[in-house]
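Just below is one structure, and these are the notes that go with it.
The values are calculated or read from the model by the stated rules, or taken from the named source; none is laboratory data. What you are looking at is a predicted structure, and each value in this text was computed from that prediction instead of being measured. Cβ placement follows ideal geometry from the backbone for every residue including glycine, while neighbour counts extend to all protein chains displayed. When the accessible area is computed, the model is the full protein with side chains, heavy atoms only, and any ligands, DNA or RNA have been set aside. Shrake-Rupley method; radii C 1.70, N 1.55, O 1.52, S 1.80 Å.
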2 protein chains.
Amino acid sequence: MKFESARSRGVRAATVRDLGEFGLIRQLCKDLPRAGDDCAVLPGNLLLTCDPVVEGIHYLPGTPARQVGWKAMARNLSDIAAMGGTPRWAVVSLGLRPNTPVRWVTGLYAGMNAVAGQFGCEIVGGDITHVRREPFVVVTMLGHAPKPVLRTGSKIGDSVFVTGTLGAGRHLTFVPRVREAQWLVRHFDIHAMIDLSDGLASDVRHLLRPGIRFDLDSAEIPGKLPAALTRGEDFELLFTIDPRDVTALRAKWNFPLKLTEIGRVVRGHGVRLDGRPLSAKGYDHFPKRR
Amino acid sequence: MKFESARSRGVRAATVRDLGEFGLIRQLCKDLPRAGDDCAVLPGNLLLTCDPVVEGIHYLPGTPARQVGWKAMARNLSDIAAMGGTPRWAVVSLGLRPNTPVRWVTGLYAGMNAVAGQFGCEIVGGDITHVRREPFVVVTMLGHAPKPVLRTGSKIGDSVFVTGTLGAGRHLTFVPRVREAQWLVRHFDIHAMIDLSDGLASDVRHLLRPGIRFDLDSAEIPGKLPAALTRGEDFELLFTIDPRDVTALRAKWNFPLKLTEIGRVVRGHGVRLDGRPLSAKGYDHFPKRR
């Protein structure tokens, strides 16, 4: 849309940066009816998701291979968790420079297998190509959920919860919240859920739909502001639940992980923090020029 | 293995180039029991495959986006075809430079949708990241096969067939042989099958197993030598079948595409062309230094 109007005014063609990551995804999703959640939901409640990790963007050139593998795999596990699913199988596409030590590749696989194995997920194949400059790892994961939790199921009056601590930046070593998410969907009617990859301020917006507003309370957010709002790559769970379930949830929750109620879903639109509008300042892969 | 011995001799660590693409895949496959065919075969005969396409490697910077999309999708469709399967769903991981025109991305999707739609395959989601230099497209595809045809099912005495013409280099516009493969497995007991991505001389070796040899007849190979042996990216089907089925196969085959018997499976090892050993000179993404 934006591209068309820019063109009709005789301006240079719009770029990916002009539209931003989310703008681009929105444009693509118009034609992709199953897209727009953490995973695509297929018949039989199969979940399919993929996530690229690129040197210089998601990890530094000197990052140990094992950590790169861990991160590439854990991000996908986290997407399956965000829908309350069970991760099952993964395939791996690698782009490698020819001078990459074989040791680096075996380290990468060690990291991927280490975190996948914790959650019963098996690497079943993949493909390798060479690149000249920027190595990448794309993991694609297939999982299953008895009843997939979507991003858009929040109801007015819902309590908003988040797991763990935000803004700590453990992006290379984080443990995806697969077990916690599975426990939540087994014991409660979770209305909406997402994993926090781009920062709370940004990701909470993915739970919005017309007519609802998220009211967050800064005093309750588990982590230092503003990092807890914007830093990204926490991979904690953000979810909403009927307020009548909160007492039972608190009583039954038996994980060492923190569980914090940070706000409410109300009638309205957008997101507020302490009553004031909160803008999305999370991580966008193609931030617009201002 | 090779890496270990190099290290124990105090030589510099082995690189991906030293091992070669197939050596590296062999090493990784030792730990991945479901890997080593065109697709991973999962319970319920689900097929899962992925294939990276990188600028400067699989297409030139000036290649029309639609052709890039077509190629990225068609390669995966061809992998599903090679197991006699039906492609169903695909997810797409994109690495894009921020200055990429949005028009390029919509062209890419137009190309992917054009070829996927021909075979009833639907793009259901994906993810986008930015890259600094080398854009990439990784399509991952999920399909289904009533009875997946593996690479290793050849029997001594089998006739070896190939579809189409080899060495023509239509890598950006090729039509994956999904329909032909589905027809073959519906009507005949196809013992082994693969799609020719790296060239006949290289890919036929993937059908080898201990005790069998492939004898090919150069006069029968449909295409100019040596291109037909080594050029790669033909994406035609290579398969073996009981010789008693050949007459019926020729009689029933009703596609405009050529179908040629190019050799026999015999007792022995390796591959021969006109009685002389044929080496793999197909495309290796990390050719060893000589």
Quiz item: Would you pick out the residues in segment B:108-120 that are more than 10 Å from chain A (Cβ to nearest Cβ) and open to solvent by 20 Å² or more (accessible area, probe 1.4 Å)?
Solution: B:A114, B:G117, B:Q118, B:F119, B:G120
Quiz item: Among the residues of segment B:142-157, which ones are in a strand (DSSP E or B) and either out of contact with any Pro (no Cβ under 6 Å at 6 or more places or on another chain) or surrounded by fewer than 24 Cβ atoms within 10 Å (Cβ to Cβ) (or both)?
Solution: B:L142, B:H144
Quiz item: Among helices (runs of 4 or more DSSP H) lying entirely in segment B:173-290, which contain 2 or more residues that are in contact with a strand residue (DSSP E or B) (Cβ under 9 Å, 6 or more places away or on another chain), crowded, with 16+ Cβ neighbours inside 10 Å and not aliphatic (A, V, I, L, M)?
Solution: B:178-187
Quiz prompt | Every pair of residues 6+ apart whose Cβ atoms lie under 8 Å, when the first sits in segment A:246-257 and is over 24 Å from A:V175 (Cα atoms) while the second is open to solvent by 30 Å² or more (accessible area, probe 1.4 Å) and part of a loop (DSSP other than H, G, I, E, B) | solution = none
Self-check item: When residues of segment B:67-95 are limited to those that are of a type in the set (S, T, Y) and more than 8 Å from chain A (Cβ to nearest Cβ), the one farthest from A:R133 (Cα to Cα)
Solution: B:T86
Exercise. Find the residue count for segment B:141-169, including only residues that are closer than 30 Å to A:L47 by Cβ and more than 14 Å from every other protein chain (Cβ to nearest Cβ).
Key: 4
Self-check item: Of the criteria (1) crowded, with 24+ Cβ neighbours inside 10 Å; (2) closer than 21 Å to A:H58 by Cβ; (3) within 7 Å of chain B (Cβ to nearest Cβ), which one A:R103 fails
Solution: (1)
Quiz item: Could you say which residue among B:T100, B:T129 is over 23 Å from A:C39 (Cα atoms) and among the β-branched types (V, I, T)?
Solution: B:T100
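Residues are listed down the side, and each one gets a yes or a no for (1) of a type in the set (V, I, T); (2) at pLDDT below 95:
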site: A:A74; (1), (2): no, no
site: A:V92; (1), (2): yes, no
site: A:V102; (1), (2): yes, yes
site: A:V115; (1), (2): yes, no
Quiz item: Taking interchain pairs and intrachain pairs at least six residues apart, which have beta carbon atoms under 6 angstrom, with the first residue in segment A:199-216 and over 17 Å from A:G36 (Cβ atoms) and free of Cβ contacts under 8 Å to residues at least 60 places away in the same chain and the second open to solvent by 40 Å² or more (accessible area, probe 1.4 Å) and part of a loop (DSSP other than H, G, I, E, B)?
Solution: A:R213/A:H269
Exercise. Report whether or not A:L48 is in a strand (DSSP E or B), open to solvent by less than 20 Å² (accessible area, probe 1.4 Å) and among the hydrophobic types (A, V, I, L, M, F, W, C).
Key: yes
Quiz item: Does at least one position in segment A:81-89 carry a residue that is modelled with pLDDT of 95 or more, basic (K, R), open to solvent by 40 Å² or more (accessible area, probe 1.4 Å) and not in a loop (DSSP other than H, G, I, E, B)?
Solution: yes
Quiz item: So A:R26 fits all but one of (1) crowded, with 23+ Cβ neighbours inside 10 Å; (2) in contact with a Gly (Cβ under 9 Å, 6 or more places away or on another chain); what number is the exception?
Solution: (1)
Exercise. Tell me, yes or no, whether segment A:170-190 has at least one residue that is within 14 Å of chain B (Cβ to nearest Cβ) and within 30 Å of A:P210 (Cβ to Cβ).
Key: no
Self-check item: Conditions (1) more than 18 Å from the chain's Cα centre (by Cα); (2) at the interface with chain B (Cβ under 8 Å from one of its Cβ atoms); (3) on the phi < 0 side of the Ramachandran plot: number failed by A:G56
Solution: (3)
Quiz item: Within segment B:122-134, restricting attention to residues that are open to solvent by 10 Å² or more (accessible area, probe 1.4 Å) and in a loop (DSSP other than H, G, I, E, B), which residue is nearest to A:I128 (Cα to Cα)?
Solution: B:E134
Quiz item: When segment B:215-242 is examined, which residues are found to be touching a Phe, Trp or Tyr at 6+ places or on another chain (Cβ under 9 Å), of a type outside the set (A, V, I, L, M, F, W, C) and modelled with pLDDT of 95 or more?
Solution: B:E236, B:T240, B:D242
Quiz item: Out of (1) surrounded by 23 or more Cβ atoms within 10 Å (Cβ to Cβ); (2) assigned to a loop (DSSP other than H, G, I, E, B); (3) facing another protein chain (nearest Cβ under 8 Å); (4) not hydroxyl-bearing (S, T, Y), what's the single condition that is false for B:P98?
Solution: (1)
